[in-house]
Amino acid sequence: MGNVEGCIFCQIAQGKIPSDVVFETDKLIAFRDIHPKSPVHILIIPKNHVNARLDLTQQDVETLPEIFLAAKEITRKEGIGERGFRLIANVGPESGQEVDHLHFHILGGKRLGPM
Ligand code: 5GP
Ligand code: ZN
């Protein structure tokens, strides 16, 4: 699946909505969260629309290793690779997920507490 009409993260991936991009490859893009919940709060998304219900195809899954390698690179650059960080994906209503385009949050830069 490519671009999904009305999806804010598809529009960010295409540069139609500006964002503070920190990392990019042909398959994924990472940018700072507009409402940061910690000193470092970055979102990593596949450029192609992948719904966030983990209703994944084989092609979607092939992007996942790159997301983890991107997280490694980004956290090193942000100076939190050694200090530690949280890498999370909200999935579905009870998680509080707002955007239905698969995304991983990198949260760090302070002690995060149990949740
Ligand atoms: P979710 O709750 O779906 O896991 O996370 C969605 C995240 O996207 C939220 O943390 C929210 O602040 C962020 N967000 C929503 N709209 C935008 C936007 O237009 N630009 C950026 N940079 N972040 C956004
Ligand atoms: Zn999308």
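The values are calculated or read from the model by the stated rules, or taken from the named source; none is laboratory data. Quantities reported herein were computed from a predicted structural model and do not represent experimental measurements. Because the Cβ atoms are built from the backbone with ideal geometry, glycine has one as well, and the counts that use them run over all protein chains shown. Just the protein is used for accessible areas: all its heavy atoms, side chains included, with ligands, DNA and RNA removed. Shrake-Rupley method; radii C 1.70, N 1.55, O 1.52, S 1.80 Å.
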Checklist entry - Before we move on, is Q97 within 11 Å of ligand 1 (Cβ to nearest atom), of a type outside the set (D, E, K, R) and within 22 Å of M115 (Cβ to Cβ)? => result yes
Checklist entry - So which residues in the stretch 44-69 are away from ligand 1 (no atom under 16 Å from the Cβ), touching a residue at least 40 places away in the same chain (Cβ under 8 Å) and closer than 18 Å to F23 by Cα? => result N48, E66
Item to check | Output for the stretch 74-115, where each listed residue is at pLDDT 95 or above and assigned to a helix (DSSP H, G or I) | outcome: I74, T75, R76, K77
Checklist entry - Considering the stretch 1-47 alone, what residues qualify as being open to solvent by 30 Å² or more (accessible area, probe 1.4 Å) and under 20 Å from R86 (Cβ atoms)? => result D20, V22, F23, R32, I34, H35, P36, K37, P39
Checklist entry - Is it the case that I74 is within 21 Å of S19 (Cβ to Cβ), away from ligand 1 (no atom under 15 Å from the Cβ) and touching a residue at least 24 places away in the same chain (Cβ under 8 Å)? => result no
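Just wondering, is there one or more residues in the stretch 54-73 that are open to solvent by less than 80 Å² (accessible area, probe 1.4 Å) and in a loop (DSSP other than H, G, I, E, B)?
Checked against the condition, which is being open to solvent by less than 80 Å² (accessible area, probe 1.4 Å) and in a loop (DSSP other than H, G, I, E, B), the stretch 54-73 yields at least one hit.
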Next on the checklist: Can you tell me which condition G6 does not meet? The list is (1) modelled with pLDDT under 95; (2) touching a strand residue (DSSP E or B) at 6+ places or on another chain (Cβ under 8 Å); (3) within 12 Å of ligand 2 (Cβ to nearest atom), and all the others hold.
Outcome noted: (2)
Checklist entry - With respect to the numbered conditions (1) under 12 Å from the mean Cα position of the chain (by Cα); (2) within 15 Å of ligand 2 (Cβ to nearest atom), which one is the sole condition not fulfilled by Q97? => result (1)
Checklist outcome for this item: Filtering the stretch 17-32 for residues that are of a type outside the set (A, V, I, L, M), within 11 Å of ligand 1 (Cβ to nearest atom) and either under 19 Å from D60 (Cα atoms) or not in a strand (DSSP E or B) (or both) leaves a count of 3
